[in-house]
Each structure stands twice: as structure tokens, then as C-alpha cells.
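Down below is the structure, laid out as C-alpha cells.
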Amino acid sequence: MCNAPEYNSGFTLLELMITIAIAGIVLGVAIPSFTSTIASNRLTTHTNQLVTAINLARSEAVKRGLRVTLCKSADGATCVTTGDWSQGWIVFTDQNNNAAYDSATETLLNVQERAPGQITMTGNTSVGNYISYISSGQSQLTSGAFQAGTIQVCDNRTGDVGKNIVLSNTGRPRSESNITCP
């Protein structure tokens, strides 16, 4: 009887070290781009949440036949005129046309909490504090003038990574990508 030679089917220490080194290089290249993808997705999510709230306010104004307002709110119960839209917002029926939620007489329709991370959502003068819709579906300031404007959504990155939410003269919102952030 002949004894056949034995073969080991394991890794040598050198093979294991080379595999770990290659994995480290691949992860070192992949993680920064993955982080950027996550940041871009987070920015898109918060932009879409605000566009959804704007569309809700518009459709509820038409459906209910009365003014519906969306305003910045840090506590989910009162409108504020400081800070930006990233602190959160509320959507409510605005029967007395004052762009402020009066809990005794008006209906709260939606509450959005603060955006996590370092996202900023800054509106220009016309849409800096609130967006209000009348029963025809048009956006209108409390003064009676039609409301149009832009809300810029950025995070802590610089360059063409931001988004704009543009409110047209008719009150229809749309998003724009590749906006330069400071």
C-alpha cells in the first residue's frame, strides 16, 4: 500500500495579509464616494418632503375651498419667522388669513420635525416664512399679492450639490438640481 501525499487547503499567513491589504485599499476608495451618495440622498429626501407638504397645502386649499398655509415651525404648534425651513414646518387651515396657526379655530393638517444633520433650507423674501394657498390653488401672500419664490436646500458640502424648490406664479412647486451651495 502506498500512502498518498496530504494536501492542506488553507490560507498561509502571507495570503491572508495580502487579502486584508487589498480589502483595505478597496474600502478606502469606496467609503468616501458612498458617504457622498448618502449625503445626496438625504438632501433629496428633505427636498421631496417639503415639496410634498407644499402640494398637500395646495390640494387641501382646493378641496376644502379655503386658505391653507404652510409655515416654518420649530415646535410643531406655532409658526416662526426666524431660522430656516430645516427646523420643521406645519400645514394648517388658515381661516383668518394671518399665516399663523390658531389652534382654537384652525385645523392642523401636517407636522414635519427638524431635518437631521447639517441641512439648510433657506427661502427668499416671498417664501421665507410661509407659503399660503387660496381655494383656486394659487399661492397668495396675506397681503393679497400672488406668491412666488425659491427655497434653496443645501448641506455642509460646497459646489453644485444643492437643490432649489421653485414656487411659480401659479403656485406650482418644482425642484431643480445641481444648485451651487455656499
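The values are calculated or read from the model by the stated rules, or taken from the named source; none is laboratory data. Here the structure is a predicted model, which means the values were calculated and not measured. Heads up, the Cβs are rebuilt from the backbone with ideal geometry, glycines too, and the neighbour counts pull from every protein chain shown.
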- Item | Those residues of segment 37-64 which are within 27 Å of V161 (Cβ to Cβ), out of contact with any Leu (no Cβ under 9 Å at 6 or more places or on another chain) and touching a residue at least 40 places away in the same chain (Cβ under 8 Å), in sequence order | A39, S40, R42, L43, T44, H46, T47, N48, Q49, V51, N55
- Query: Filtering segment 129-161 down to residues that are part of a loop (DSSP other than H, G, I, E, B) and under 17 Å from C79 (Cα atoms), which residue is modelled with the lowest pLDDT?
  - Reply: T142
- Task: Sort through S103, S126 and tell me the only one that's part of a loop (DSSP other than H, G, I, E, B) and either of a type in the set (S, T, N, Q) or surrounded by fewer than 17 Cβ atoms within 10 Å (Cβ to Cβ) (or both).
- Result: S103
- Message: Between V91, V68, which is at pLDDT 90 or above and under 20 Å from the mean Cα position of the chain (by Cα)?
- Response: V91
- Quick one: is G83 modelled with pLDDT of 95 or more and at positive phi? no
- If you go through G76, G137, the only one that is more than 29 Å from P182 (Cβ to Cβ) and surrounded by fewer than 17 Cβ atoms within 10 Å (Cβ to Cβ) is G137
- Provide a single number: the residues in segment 140-169 that are under 18 Å from C71 (Cβ atoms), among the aliphatic types (A, V, I, L, M) and surrounded by 14 or more Cβ atoms within 10 Å (Cβ to Cβ). 6
